[in-house]
1. Could you please give the count of residues in segment 27-61 that are of a type in the set (A, V, I, L, M) and more than 11 Å from ligand 1 (Cβ to nearest atom)?
2. Looking for whichever is of a type in the set (A, V, I, L, M, F, W, C) and within 23 Å of Q150 (Cα to Cα) here; the options are I38, I65, I82, I30. Which one fits?
3. For segment 141-181, enumerate the residues that are part of a helix (DSSP H, G or I) and within 22 Å of K123 (Cβ to Cβ).
4. Counting only residues that are among the β-branched types (V, I, T) and crowded, with 18+ Cβ neighbours inside 10 Å, which one in segment 114-159 is nearest to ligand 2 (Cβ to nearest atom)?
5. Report yes if N105 is surrounded by 17 or more Cβ atoms within 10 Å (Cβ to Cβ) and either basic (K, R) or under 19 Å from N84 (Cβ atoms) (or both), otherwise no.
6. List every residue pair whose Cβ atoms sit under 7 Å apart, with the two residues 6 or more apart in sequence or on different chains, where the first one lies in segment 33-59 and is closer than 19 Å to E86 by Cα and the second, anywhere, is acidic (D, E) and not in a loop (DSSP other than H, G, I, E, B).
7. With the condition kept exactly as written, say whether any residue in segment 37-57 is crowded, with 21+ Cβ neighbours inside 10 Å, in contact with a Pro (Cβ under 8 Å, 6 or more places away or on another chain) and not in a helix (DSSP H, G or I).
Amino acid sequence: TAVIHIDDLKKHYEVGTQVVKALNGVSLSIEKGEYVAIMGPSGSGKSTLMNLIGALDTPTSGRYILNGTDVSHMSDDQLAEIRNREIGFVFQTFNLLPRYSALDNVVLPLIYAGVKKDERYDKGRQALENVGLSDRMTHKPNELSGGQRQRVAVARALVNKPSLILADEPTGNLDSKTSVDIMRLFEDIHNAGNTIVLVTHEEDIAQHAKRIIRLRDGVVESDEAVEKVLSSE
Ligand code: ADP
Ligand code: ADP
């Protein structure tokens, strides 16, 4: 079953008397359990597509079906509800609340979902354990390394068991060794059956996915499976 079904999606911005065609007819489907990277040069439409897939914005025309629900024409309130229910976000800048512990950051989506306190903390602890941070639950973000902060953000994205994990340049603020660690974590998350869409401009990072969709000038330039080179590591 398709988690994402996008049909002839367009997003045009009016700037003065000009029309900027940020997306100009994108069609694609992403099935449950897929791990897809969206790539493209600066200005190709990645952020615009990410905002639409993430239900942060609606298209000028075309259709976007997320997990069976048409979100193309929803109001801001409806979009917010869909985001809370269906999508786990991971950002370049982690977006953690600085005064909150790792655990309190992770349980936030469960508060919005109306989950009771005991259950929230059980699920939050489990999520932090799953990303290898059982010994960092009470640490605040500034008491954690960059890689650990991103692990907290990944735990927060997963805690609600969303149908889609949407990661926007998740390694953009990490050194190369830590980036590889985080990409291994995404591999684990993929192997656990989650659907992942990763937006990146880094070829090395995109190669960790199983499929790469390349944008250029607001259209899909290519959409291909990643050929894995056999290695003996
Ligand atoms: P990328 O993320 O690949 O760099 P964007 O989606 O940010 O690409 O931008 C695609 C095109 O749309 C660019 O030409 C950009 O200038 C334009 N654009 C993006 N957002 C806006 C906006 N809010 N208003 C006007 N033009 C925009
Ligand atoms: P890295 O080598 O991954 O960059 P750091 O050197 O920043 O990590 O941190 C090493 C360890 O010390 C981490 O496990 C982190 O949780 C802990 N740590 C870092 N800063 C603080 C702090 N201000 N208070 C408490 N623990 C910290």
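The values are calculated or read from the model by the stated rules, or taken from the named source; none is laboratory data. Source: prediction; values computed, not measured. Reconstructed Cβ throughout: ideal geometry from the backbone, glycine too, with neighbour counts over all protein chains shown. Heavy atoms of the whole protein, side chains included, go into the accessibility calculation; ligands, DNA and RNA do not. Shrake-Rupley method; radii C 1.70, N 1.55, O 1.52, S 1.80 Å.
1. First pass over segment 27-61, keeping only residues of a type in the set (A, V, I, L, M): 28, 30, 36-39, 49-50, 52-53, 55-56.
Checking which are more than 11 Å from ligand 1 (Cβ to nearest atom) leaves us with 28, 30, 36-37, 53, 55-56.
Selection size over segment 27-61: 7.
2. On the way: I65 fails: within 23 Å of Q150 (Cα to Cα); I82 fails: within 23 Å of Q150 (Cα to Cα); I30 fails: within 23 Å of Q150 (Cα to Cα).
Matching residue, one of I38, I65, I82, I30: I38.
3. Going through segment 141-181, the residues part of a helix (DSSP H, G or I) turn out to be 141-143, 146-158, 176-181.
Those that are part of a helix (DSSP H, G or I) and within 22 Å of K123 (Cβ to Cβ): P141, Q148, R149, Q150, R151, V152, A153, V154, A155, R156, A157, L158.
4. Initial filter on segment 114-159 (among the β-branched types (V, I, T)): 115, 131, 138, 152, 154, 159.
From what is left, the residues that are crowded, with 18+ Cβ neighbours inside 10 Å are 115, 131, 152, 154, 159.
Numbers: V115: 27, V131: 13, V152: 11, V154: 15, V159: 20 Å.
Here the answer is V152.
5. On the way: surrounded by 17 or more Cβ atoms within 10 Å (Cβ to Cβ): yes; either basic (K, R) or under 19 Å from N84 (Cβ atoms) (or both): yes.
The answer is yes for N105.
6. M50/D168
7. Within segment 37-57, not a single residue is crowded, with 21+ Cβ neighbours inside 10 Å, in contact with a Pro (Cβ under 8 Å, 6 or more places away or on another chain) and not in a helix (DSSP H, G or I).
Yes or no, residue by residue, for (1) away from ligand 1 (no atom under 16 Å from the Cβ); (2) touching a residue at least 40 places away in the same chain (Cβ under 8 Å):
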{"residue": "N142", "(1), (2)": "yes, yes"}
{"residue": "A167", "(1), (2)": "no, yes"}
{"residue": "M183", "(1), (2)": "yes, no"}
{"residue": "E203", "(1), (2)": "no, yes"}
